[in-house]
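The values are calculated or read from the model by the stated rules, or taken from the named source; none is laboratory data. On a predicted model such as this, the values are computed, not experimentally measured, just so you know. All Cβ positions, glycine included, derive from the backbone under ideal geometry; neighbour counts span all protein chains shown. The area values use the complete protein model at the heavy-atom level, side chains included, leaving out ligands, DNA and RNA. Shrake-Rupley method; radii C 1.70, N 1.55, O 1.52, S 1.80 Å.
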Amino acid sequence: MLGLSDLGTVVRTVLDRRLAAGSTAPIAVALSGGGDSRALALMAADWAQVHGRRLAILTVDHGLNPDSAAWSAACAALAVRLGATFHPLAWTGDKPAQGLPAAARAARHRLLADAARAIGARVILMGHTASDLAEAAAMRAEGSTTPSPREWAPSPAWPEGRGVFLLRPLLAASRAQVRGWLTDLGETWIDDPANEDQRFARARARLAEPPAVAPLAALDPELAALAAGAQIDAAGVVSLPRVRLPERLVAAAALCAAGTARPPRADRLARIMQHLPLEEPFITTLAGARIQAKGERALFMREQGELLRSGIADLVLAPGEQTVWDGRFEITTQRVAVIAPLTGHAAQLPRAQRAALHDVPVRARAALPVVLDGDQAACPLLEETPGVSVRNLVRERLLAAAGAVEREP
Ligand SMILES: Nc1ncnc2c1ncn2[C@@H]1O[C@H](COP(=O)(O)OP(=O)(O)OP(=O)(O)O)[C@@H](O)[C@H]1O
């Protein structure tokens, strides 16, 4: 059991290990105003001061409780007290009747990630505790697919969370321990009544399961090494050895190659895992990706049919605009540019690019982005295109997903 006086030391150790001491980027804290994130903000402020780092407080108002504006105001007041910048964020979209907690969570992660990127922060600190780990386990026992919060993980929001990591330094402490620490300091906090609302699986889990002390998130060096060894071409096609591929890497490679965000279904993934190591050629789709296994390698690429079915339209970018196209390519323009999938435009490419296209697997070609100029097309991935720059996000995302990035970039 973690003693109260040890809590600060544990958190400092995690921050020392994961944050880059010499970085000039601000450190973001996701502050709900609840006890856990409040304690975390206090500890992070100490660490930031010692290391000369700026602190930014991010608070999302979900608009679900009449008191939420007052909660945000309390967070703003703490930011002032800690000398941190305060970034109020609001979930203004439609609120679904079903699945409200999941929708709120997805919106929260998108807002937090966008805000972090806007201020140049690479890490968002979150206040999950060992009690949250125990609750996630209890919810899974109830049939939910809730993943366990990990100490260090890329933001689940995609593409908003590109390059942004979540750090949970309180995972080894129970909620009661964190609150004991706050009480000792004379601090108060907000209790969100939704946490006690028994209609939500999460609240039932809070009652059901006594908190357990969390093991530190185990890093899987094999997974990270395999991801680091992946061959990824300019078109974003991922090539991995087909035998001894861990299931997690297959799922991550599919998501990254497809640019999609929704994790694949467990039963589909399990079926693929049965076929993948066999010797016969094997073709399937997963999470918007096409998987082609032949010989000793498996290729993961965007499934072109899914791209076209996603209703991707010709996109007009203004000068200076940046977008993530199909979840795979970050495109920045210095001029007006019309971006479209290559399908139907291959004959409009200059000769050199048509030749370069031969190096791209046939079934990956239609899902490449091209810039249309009248009756001309150009693919910035095949050849430099004036006024348009493109960054392939596939490798960076795969490395982050596989745990190959262990600390603040
Ligand atoms: N409204 C909010 N504004 C900012 N941060 C928040 C907000 N709500 C939650 N958080 C952050 O998320 C942490 C966990 O909160 P909570 O347990 O309510 O969310 P969760 O849905 O279980 O987490 P996750 O989003 O990782 O699934 C908090 O300690 C805090 O850091």
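Go through (1) open to solvent by 60 Å² or more (accessible area, probe 1.4 Å); (2) more than 20 Å from A116 (Cα to Cα); (3) of a type outside the set (S, T, Y) one by one and return the number of the condition G8 breaks. Here G8 clears every test but (1). Pairs meeting the criteria (first residue in region 30-57 and under 16 Å from G186 (Cβ atoms) and basic (K, R), second residue near the ligand (Cβ under 8 Å from one of its atoms) and open to solvent by less than 20 Å² (accessible area, probe 1.4 Å), beta carbons under 8 Å, at least 6 apart or on different chains) are R38/L31; R38/G127. Only one of (1) over 28 Å from A261 (Cα atoms); (2) more than 10 Å from the ligand (Cβ to nearest atom); (3) open to solvent by 40 Å² or more (accessible area, probe 1.4 Å) fails for R110. Which number is that? For R110, the failing item is (1). When region 48-71 is filtered for residues that are open to solvent by less than 20 Å² (accessible area, probe 1.4 Å) and touching an Asp or Glu at 6+ places or on another chain (Cβ under 8 Å), only S68 remains.
Name the single residue that is farthest from the ligand (Cβ to nearest atom) among those in region 132-162 being part of a helix (DSSP H, G or I), under 17 Å from G99 (Cα atoms) and open to solvent by 10 Å² or more (accessible area, probe 1.4 Å). Restricting to residues being part of a helix (DSSP H, G or I), under 17 Å from G99 (Cα atoms) and open to solvent by 10 Å² or more (accessible area, probe 1.4 Å), the top hit is R140.
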